[in-house]
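Heads up: the structure comes next, in structure tokens.
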Amino acid sequence: MTLEDDVFCGPHCVFTNVTRPRAEVDRKAELDPTLVRRGATVGANATIVCGHTIGQWAFVGAGAVVVRDVADQALVVGNPATQVGWVCRCGEKLALAVEAAPSDRAECTRCGRSWQRGDGGLVEVGAANAEDQP
């Protein structure tokens, strides 16, 4: 399991390491890696089933059960975790539909960044080097 820089893990969140655990069966050779990308948030009591990636700046709500990859900046909640929105890098929920058209844009009401949908998540509009900006 790998946590990149600036990841927040809430109280009592759980990361599994084997898909089909059995106490009697040795499955150490079946460990599935999990990757939590830079800046992501994993809420309190969330469970992350192994073998998945949580994208950059994504937000996993409290109590969610992640059973598939989470896109960059996606907001997921529930069991199983379902995407219900998008979040800015500052953590504010964006007024952008989950299935937004690539041309749809949203501006963060908290920090003023502008976003539009791109491959694998959101892309900051007008940023010279969005990768390094907090």
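Computed from the coordinates by the stated procedures, all read-outs in this text should not be read as laboratory data. No experiment lies behind these values; they were computed from the predicted model shown. Using ideal geometry, Cβ is built from the backbone for each residue, glycine included, and neighbour counts are taken over all protein chains shown.
May I ask you to derive the FRET efficiency for ARG27 and MET1 from their Cβ-Cβ distance with R0 = 25 Å, giving the value to the nearest 0.05?
Values: r = 16 Å, r/R0 = 0.62.
Approximately 0.95, to the nearest 0.05.
Using θ = phi - 60° and the Karplus form 6.51 cos²θ - 1.76 cosθ + 1.60, what ³J(HN,Hα) does each residue of the range 111-124 get, whole Hz, x for Gly and Pro?
Going residue by residue, I get 10, x, 5, 10, 9, 9, 5, x, 5, x, x, 9, 10, 6 Hz, with x marking Gly and Pro.
Fully extended, how many nm does the chain gain between ASN45 and ALA97 (0.36 nm per residue separation, minus their Cα-Cα distance)? If you can, show how the numbers build up before the last one.
On the way: separation 52, 0.36 × 52 = 18.72 nm, distance 2.63 nm.
That pair, ASN45 and ALA97, stretches by 16.1 nm at full extension.
Quick check: the distance between the Cα centres of the range 83-100 and the range 42-77, to the nearest angstrom?
14
Suppose R0 equals 30 Å. What FRET efficiency, 1/(1 + (r/R0)^6) with r the Cβ-Cβ distance, do CYS111 and HIS12 give to the nearest 0.05?
0.55
Give the shape of the range 15-83 as rounded, prolate or oblate, defined through the alpha-carbon gyration tensor: a ≥ b ≥ c are the square roots of its eigenvalues, a/c under 1.5 means rounded, and otherwise the shape is prolate if a/b is larger than b/c and oblate if not. It would help to have the intermediate numbers written out before the result.
Working: a/c = 2.70, a/b = 1.83, b/c = 1.47.
Because a/c hits 1.5 or more and a/b exceeds b/c, the range 15-83 counts as prolate.
So for the chain, averaging the separation of alpha carbon pairs under 8 Å that are six or more residues apart and normalising by length, what relative contact order in percent results? Working shown, then result.
Working: 328 pairs, mean separation 20.0, N = 134.
Relative contact order for the chain comes out at 15 percent.
Just in the range 46-122: which GluC sites (Glu not before Pro) are loop by DSSP and have at most 10 other Cβ atoms within 10 Å?
Numbers: sites: GLU92, GLU99, GLU107; in loops: GLU92, GLU99.
Those that pass, being in a loop and sparsely packed, are GLU99.
Amide H neighbours of ALA81 under 5 Å, at least 5 residues apart or on other chains, H built in the peptide plane: list them.
Answer set, sorted by chain and number: VAL65, VAL66, VAL67.
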